[in-house]
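Read-outs: derived from the displayed coordinates by stated rules, not from any lab. Note that the coordinates shown come from a computational prediction; the quantities given were computed from them, not determined experimentally. Here the Cβ positions follow ideal geometry from the backbone for every residue, glycine too, while neighbour counts run over all protein chains shown.
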Amino acid sequence: MIAASATVSPTARRILAVTRLRARRLASWMEHVWHSGQASPDQGPTIGPGEVSRLLAADNIHAAETAFLASGEAATLTEAADAAAAELASDPAWGAIRGVFTLSAAEADLLALMIATELDPGLGRVLAYLHDDGRLNQPTPWLAARLAGREPAPFAGAALLSWQLAAPIETAAPGQRLMTPWQADPAVALSLFGGAWLDPAIADNVTPVAPEPIAALPCLHERARAALLALADLREAELVGTPGIGRQTLAAQVAAATGRHLLAADLPALIAGAPSAAPAITRVLRQAAITGTLAYFRDADAVSAADWARVRRLGVPYLRGVRHPTGEPLPVTLAPLTIAARLALWRHASAAPPPDALIAQRLTPAEIMRAVAAPDVPLAPARGRRPDSALLTRLPCPYDWDDLVLPAELMSQLRAFETQVRLRWTVYEEWGFGRLAHLGHGIAALFGGPSGTGKTMAAQVMARALGIELLRVDLAGVVNKYIGETEKKLREVFDACEDSGALLFFDEADALFGMRTQVKDAHDRFANIEIDYLLQRIERFDGVAILATNRRQDLDPAFVRRLRFVVEFETPRPDERMALWRKALTPTAPNGETLLDEIDWGYLAHGLNMTGAEIKGTALAAAFMARAEGTRIGMRHLLAAAQREMVKQGVRFRVPLQEASG
């Protein structure tokens, strides 16, 4: 690990010293050649016979240079340069860079030359002089070898390239030729200058996690931790779980168990807009390797298998957290906390008594810790940003149980649905009945019946009673015309519900959950695959969902078998219509003004066979008519509005409603 320093680090000073001494030594040889007439420095492009003779006598060039550098003042420079090189070779930070990144001697010499040029830009003119080319003021493999006193040889720079420590300058000739100029990654020079590794390209999106505070936390996923520590190569595993379940904390506990810090990287932020994730991942692994930390990548779902294969060749251990298994590495799944684990975490973090919501709701560790930090805020799921997806719409929930007008049997079913949602974790965990729902612990219900009979309103009442949000699925966005896309969007929708703890509402569910068809073409085959996926996802579902439809006969029977409740909404009967009319037509305004004239309630309830939605629409239209006339709402307004409402449904009367009412 590179030691920190408030000033220019000793390593940087040693690199500069070696570069300057070697440059002075080579310059002295070049001056000797020129003065002896074996070069033509003052003749521009003209090449003299002395220089040609020297260049063609290749066998004698190196020997002559060696002899010159071993005598006179040049010998003093050679001795000083060799001593400085030996001091640099023993430098811990430079030794760490060479060893961790497995640099060859040629790569190390070129990297040192590049760093020196970054630290002292004035050396660029010296490099141009030593190249005998005023345009070539950047380091080259040829010059790095010459300065080190080695014969230049073909150069690949594989380690420099794979670790992104340096690269050929883009404007230069392609390939790693001896005279191709190179440039170091700014992070390398910056880190060696300051004495501690710093990469500005990723600094805002990586966070070091020390082992000491992690050691004080309870291990909530002991089985997963043991499985990871038993692996010979952590790259073979990925941590699978919902946001906030504790994937990063578990990775930090694994790092702490091996005496290391964790380097946590926000992968989506690192790779945003990039065509490939490999460069950003390489930077993180490079920092982890040189600092001796364990790298962890958050939300790594979007990275391709090809990118992981590229960075895997670096040999640096890492862990990655994903929402779903990617299919390549070993999935280590972090299960939701049991009631006992939730209570244990609360008692570890707070001396206050645990709230009831801790038992009723399957909260994540992150949610529990937020509740401990803000005890005055109601304890409720708040996981991730997925509910803001364009595929979902938040529905308001203004109604409560008193607003529902339904038969007693149907109300009993809805109450039972609410009760099961409230008590499911105590029944599943404390009573052990989770063994009967081993694939998923969610609860789903089907609300069937004609339009306007209260299915959506009942879903709103249910969400309000449970204290959770109601998210309606945008079917137009989910059902995609492109083959295979619908399944991806469905996964987003189900994830949103599970991650946020909201109630998922599928209106017109028959559009998604229809019967499988006979396969006639590729679209039929993929449509059946999507339905099969839905069947599997419903079984593994851990949230709460309501499917509403007015065409139950079109639903696949396999779906109905997987639903906990099937509630049939019917057109209201006269006594229910009476209650609906009285709720819709309030006798007085909020300011006390009387709103109604004489109303024939009996005729409204018995004579008009209308749904709850139609009754609401009729009452609203009648109110506008009466207000426009400056009168109270009377039967005349109600009957005219009812006639219009029924026409919308295709219902016509032989006898006008006004005559029927008489």
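Summary of values
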quantity: Förster radius 25 Å - calculated FRET efficiency between Ala75 and Asp120, Cβ distance, rounded to 0.05; calculated: 0.45
quantity: HN-Hα J in Hz across the range 589-597 - Karplus 6.51, -1.76, 1.60, θ = phi - 60°, x for Gly and Pro; calculated: 7, x, 8, x, 5, 6, 10, 10, 8
quantity: Mean ellipticity per residue at 222 nm, deg cm²/dmol - from DSSP H runs of n ≥ 4 across the chain, formula -39500 (n - 2.57); calculated: -14500 deg cm²/dmol
quantity: Zone residues, the range 136-151, relative to Trp34, backbone N less than 16 Å from point 7 Å out along Cα-to-Cβ; calculated: 136
quantity: Spin-label pair Ala373/Val566, simplified geometry with 7 Å Cα→Cβ offset, distance in nm; calculated: 4.7 nm
quantity: Fewest-first ranking of Cys219, Cys397, Cys497, using other Cβ atoms within 10 Å as the exposure measure; calculated: Cys219, Cys397, Cys497
quantity: Cα-based Lys proximity count in the chain, under 29 Å, for pairs eight or more positions apart or on separate chains; calculated: 13
quantity: Inter-probe distance in nm under a simple model that places probes 7 Å from Cα toward Cβ, at Ala158 and Ser451; calculated: 6.9 nm
quantity: Length added when fully stretched, Ala340-Val647, from 0.36 nm per residue minus Cα-Cα; calculated: 104.6 nm
quantity: Calculated FRET value between Val8 and Val100, using beta carbons and R₀ = 30 Å, to 0.05; calculated: 0.85
quantity: Counting DSSP beta bridges with both ends in the chain, the antiparallel % (nearest 5); calculated: 30 percent
quantity: Among Leu250, Ile97, Trp431 the positive-end extreme of the charge dipole of the chain (Cβ point charges); calculated: Trp431
quantity: Computed label-point distance, nm, for sites Ala203 and Thr631 using a 7 Å Cα→Cβ extension; calculated: 7.8 nm
quantity: Computed FRET value (nearest 0.05) for Glu418 with His324, which takes r as the C-beta separation and R₀ as 45 Å; calculated: 0.90
quantity: Charged-residue dipole, Cβ positions (Lys, Arg, Asp, Glu), the chain about Cα centre, Debye nearest 20; calculated: 940 debye
quantity: Charge dipole of the chain about the Cα centre (unit charges at C-beta), most positive-ward option of Pro587, Ala108, Met179; calculated: Pro587
